[in-house]
1. What pairs can you find where one residue is in segment 166-185 and in contact (Cβ under 8 Å) with a residue 12 or more places away in the chain, the other is assigned to a loop (DSSP other than H, G, I, E, B) and surrounded by fewer than 16 Cβ atoms within 10 Å (Cβ to Cβ), and their Cβ atoms are less than 6 Å apart, with a gap of 6+ or different chains?
2. Which ones in segment 268-305 are open to solvent by 20 Å² or more (accessible area, probe 1.4 Å), outside any loop (DSSP other than H, G, I, E, B) and more than 21 Å from Ile30 (Cβ to Cβ)?
3. Would you call Gln7 modelled with pLDDT under 95, closer than 21 Å to Ile299 by Cα and not β-branched (Val, Ile, Thr)?
4. Yes or no: segment 134-156 includes at least one residue that is open to solvent by 10 Å² or more (accessible area, probe 1.4 Å), more than 29 Å from Gln201 (Cα to Cα) and in contact with a helix residue (DSSP H, G or I) (Cβ under 9 Å, 6 or more places away or on another chain).
5. May I ask you to verify whether Val59 is more than 26 Å from Ser155 (Cα to Cα) and modelled with pLDDT of 95 or more?
6. Contact list please: Cβ distance under 6 Å, first residue in segment 20-34 and open to solvent by 10 Å² or more (accessible area, probe 1.4 Å), second residue assigned to a loop (DSSP other than H, G, I, E, B) and not aromatic (Phe, Trp, Tyr), pairs at least six apart or on different chains.
7. What are the pairs with Cβ atoms under 7 angstrom where one residue, in segment 280-301, is without any contact (Cβ under 8 Å) to a residue 60 or more places away in the chain and the other, located anywhere, is β-branched (Val, Ile, Thr) and part of a loop (DSSP other than H, G, I, E, B)? Sequence gap at least six, or different chains.
Amino acid sequence: VATLTGQNPSGATKNVPVTLRYFGTAGWEISDGTTVILIDPYVSRINGPPPPGGSGSRVAGDARPKVGWDDIATPDIAAIDSRIQRADFVLVTHTHYDHVLDVAHIALKTHASVIGTESTENVMRAYGVPEAQLITVRGGEDYDFGAFSLMVIPSIHSALDHKRYFSSETAPATLKAPLTLKQIHPEGGTLAYLVRLRGHQILAFGGMNYIERELVGLQPDVALVGAAGSRKEIYDYTGRLMRVLHNPPLIMPTHWDNFLLPYNASQQTAIDAVQQFVQEVKVASPTTNVIVPKYFEAIVLESAP
């Protein structure tokens, strides 16, 4: 368990620790022990297609069935149930399978509210998630949920395939389950989220890109920053981000691992690669602490006195 002392930028006075857990890919759990917020929770780790331009490196002896775009999108229910017991809110940054595949089961199981784009909510509707649990956003909303508040920030997807990735596709409202992997994969636009909980401001991205002007004025004490190789397609990715966010006290890379591999496979190649991002942060913002999270390890943010 890693314990860190964070800032108290929103002025909350309750000295209640906030805990983060990394699920891999862009998935996170944020909790104060009472409210549980999930971001892009994907733990099924199916043997699915690689992202555009990706090589899709595999591991020898992988017994998982290979899943193609035209195959039925089937989450690993046992994996979800063993790792996610409760949730109050699920925040989805965009509707790619490595972000949204597990969300409908989680919502039906926990009765959590799902916050995401119209594309995301249409996928939820196809699986029978009740309308009362769906909150459709487009970016620009700033909502108060009592226990926490949430700013929804317009963002942009990673520049995959050497900047050639582009998608304006949205999952339609006519979808009916069962859905194929291709049907749940339309990006539908990309969002970032600023979670304000117990005096902390936690900024979460779901990929390796951002709209700088949408971040002006933000000063999170924790930022979950996309750190995979496609960030290198963006001009001064890390430096610009550190400057516009006023050098956050804590950065944790997200979406840096190889999500095509099962949890028990070695991620050493990805761990080695993410060290370059760690160094980029240290050069751009020497006062910032960087933690490369381990799967499901609790990282505790203690509220400021």
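1. Thr180/Asp70; Leu181/Trp69; Leu181/Asp71; Lys182/Trp69
2. Residues of segment 268-305 that are open to solvent by 20 Å² or more (accessible area, probe 1.4 Å), as a first pass: 268-269, 271-273, 275-276, 279-280, 282-284, 286-287, 289-292, 294-298, 300, 302, 304-305.
Right, trim to outside any loop (DSSP other than H, G, I, E, B) and you get 268-269, 271-273, 275-276, 279-280, 282-284, 289-290, 295, 298, 300, 302.
Gln268, Thr269, Ile271, Asp272, Ala273, Gln275, Gln276, Gln279, Glu280, Lys282, Val283, Ala284 - these are the residues of segment 268-305 that are open to solvent by 20 Å² or more (accessible area, probe 1.4 Å), outside any loop (DSSP other than H, G, I, E, B) and more than 21 Å from Ile30 (Cβ to Cβ).
3. Working: modelled with pLDDT under 95: yes; closer than 21 Å to Ile299 by Cα: yes; not β-branched (Val, Ile, Thr): yes.
Considered against the rule, which asks whether it is modelled with pLDDT under 95, closer than 21 Å to Ile299 by Cα and not β-branched (Val, Ile, Thr), Gln7 comes out as yes.
4. No, there is no match, as no residue in segment 134-156 is open to solvent by 10 Å² or more (accessible area, probe 1.4 Å), more than 29 Å from Gln201 (Cα to Cα) and in contact with a helix residue (DSSP H, G or I) (Cβ under 9 Å, 6 or more places away or on another chain).
5. Details: more than 26 Å from Ser155 (Cα to Cα): yes; modelled with pLDDT of 95 or more: no.
Taking the combined requirement at face value, the residue does not satisfy it.
6. Taking only residues 6 or more apart or on different chains, the pairs are Asp32/Val16; Asp32/Arg198.
7. Between residues of segment 280-301 that are without any contact (Cβ under 8 Å) to a residue 60 or more places away in the chain and residues that are β-branched (Val, Ile, Thr) and part of a loop (DSSP other than H, G, I, E, B), the close pairs are Val281/Thr288.
The values are calculated or read from the model by the stated rules, or taken from the named source; none is laboratory data. None of these values were measured; they are calculated from a predicted model. Note that we place each Cβ from the backbone using ideal geometry, even for glycine, and neighbour counts take in every protein chain shown. Surface accessibility is based on the protein's heavy atoms, side chains included, excluding ligands, DNA and RNA. Shrake-Rupley method; radii C 1.70, N 1.55, O 1.52, S 1.80 Å.
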